[in-house]
Amino acid sequence: MPRTTKSLTTRPRPSPSSSRGRADGRPSFRAPSRSSQREPTTLAVDVGGSHVKASVLDSRGRMLHERVRVDTPEEPTPQQLVRLIAGLVPQLPRFDRVSVGFPGVVRNGVVRTAPNLGTDRFRGFRLAAALERRLGRPVRVENDADVQGLAAVKGKGVELVVTLGTGFGSSIFVDGHLGPHLELAHHPFRYGKTYEEELGDAGRKKHGNRYWKHRVEDAIQSLRSLTNFDHLYIGGGNARLVDIELPHDVSIVSNTAGILGGARLWG
């Protein structure tokens, strides 16, 4: 007697923007389609001391949705950070992979330092692995200034990127290739003070914008002597306050670079 086969019907999974979630309260995700596998989209996350921002980028690094953000708690735990990032997902389009810019030293997805979030809490935390479990997508995590630099540099000569925000970040590129991450923020700058102490947001608020902008001018000359850069890019949330006359080889970049570099993190 011939065997009969029952047809099976598979229900589609809900997209991240769906209001429905899993029974455990985590957001539900739809598996990537063939078209998205050919042209992968990237959830790009910029973790800062004041806010966590995110958007989804196409394969060319263009935003598919305006940035969404949430305030960063004063003393976040690693688990809180993972929940904050996951909480932004339902507001955004679907994605195939994740890039995270983190304010500290990160090696192979593992946090080594987090000066503005709490190194004691974050040291040794496997942030990439935790997000992969939560989001169900491959994740890459790098220093936030490194990610911002990926969006800013032109790929010619020695290019230095600094970020002025809650703290002070930096990255250096040679002919478009990212160099070793240097925590210049914590190196001596002026009269025993570090770059972060003089140029971070706490220093700006303490001394005022006029003093702070003079220190930015001093930092440009100091960094020129240190790295012999061909071009210096100044980014971060406080870059908008740098309204001084800049040398021809120094320019301001949009704070959105912290998001846009996420696509280039995947090559």
In Å², rounded to a whole number, the accessible area per residue of region 50-101 with probe 1.4 Å is 47
Ranked by accessible surface with a 1.4 Å probe, highest first, in what order do 50, 170, 225 come?
225, 50, 170
Residue separation times 0.36 nm, minus the C-alpha to C-alpha distance between residue 154 and residue 50: what's the value?
34.6 nm
Roughly how much of residue 105 is accessible, in Å² to the nearest 10, using a 1.4 Å probe?
20
If you take the square roots of the eigenvalues of the alpha-carbon gyration tensor of region 211-267 and sort them as a ≥ b ≥ c, do you get rounded (a/c under 1.5), prolate (a/b over b/c) or oblate?
oblate
Relative contact order (%) - the chain, alpha-carbon pairs under 8 angstrom, separation at least six
18
Longest exposed-site-free window of the chain, the sites being GluC sites (Glu not before Pro) in a DSSP loop that have at most 11 other C-beta atoms within 10 Å:
75-244
Can you sort 158, 141 by 1.4 Å-probe accessible area, starting with the largest?
158, 141
Point-to-point label distance, residue 39-residue 243, nm (Cα→Cβ direction, 7 Å offset)
4.1
For region 164-172, just list the computed ³J(HN,Hα) in residue order, Karplus coefficients 6.51, -1.76 and 1.60, θ = phi - 60°, integers in Hz, with x standing in for Gly and Pro.
10, x, 4, x, 10, x, 8, 8, 9
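Once every DSSP H run of n ≥ 4 in the chain is given -39500 (n - 2.57) and the sum is divided by its residues, what mean residue ellipticity at 222 nm do you get, rounded to the nearest 500 deg cm²/dmol?
Taken over the chain, the calculation gives -8000 deg cm²/dmol.
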Using a Gaussian network for the chain with springs between C-alpha atoms less than 10 Å apart, which of these wobbles most: 167, 208, 61?
208
Counting only residues 5 or more places away or on other chains, whose amide H sits under 5 Å from the amide H of residue 45 once H atoms are built in the peptide plane?
99, 100, 101
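Starting from 0.36 nm per residue, how many nanometres of slack lie between residue 137 and residue 221 once their C-alpha separation is accounted for?
26.0 nm
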Hey, can you rank 115-126, 86-97 by average C-beta count inside 10 Å, highest first?
86-97, 115-126
I want to verify a result. In a Gaussian network model of the chain, Cα cutoff 10 Å, which of these has the top mean-square fluctuation: 222, 171, 55?
222
Once fully extended, how much extra length lies between residue 187 and residue 65, figured as 0.36 nm per residue of separation less the alpha-carbon to alpha-carbon distance?
40.1 nm
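Rounded, prolate or oblate: which fits region 82-187, taking a ≥ b ≥ c as square roots of the Cα gyration tensor eigenvalues, rounded meaning a/c under 1.5, else prolate when a/b beats b/c? Mind dumping the intermediate values first?
On the way: a/c = 2.02, a/b = 1.38, b/c = 1.47.
Since a/c reaches 1.5 but b/c is at least a/b, the shape of region 82-187 is classed as oblate.
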Note, region 54-66: 3J(HN,Hα) by Karplus (6.51, -1.76, 1.60, θ = phi - 60°), whole Hz, Gly/Pro = x, goes 8, 7, 10, 10, 7, 5, 9, x, 8, 5, 9, 7, 4
Residue-normalised accessible area of region 165-267, given per residue in Å² at a 1.4 Å probe:
51
Given a 1.4 Å probe and heavy atoms of the protein chains only, how would you sort 191, 211, 233, largest accessible area at the top?
191, 211, 233
Quick one: accessible surface of residue 187, probe radius 1.4 Å, all protein chains present, in square angstrom to the nearest 10.
90
Carbon and sulfur atoms account, in whole percent of the 1.4 Å probe accessible area of the chain, for 47
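The values are calculated or read from the model by the stated rules, or taken from the named source; none is laboratory data. For clarity, every value in this text was computed on a predicted model and none was experimentally measured. No Cβ is skipped: glycine too gets one built from the backbone with ideal geometry, and neighbour counts run over all protein chains shown. In case anyone asks, the SASA skips ligands and DNA or RNA and just uses the protein heavy atoms, side chains included. Shrake-Rupley method; radii C 1.70, N 1.55, O 1.52, S 1.80 Å.
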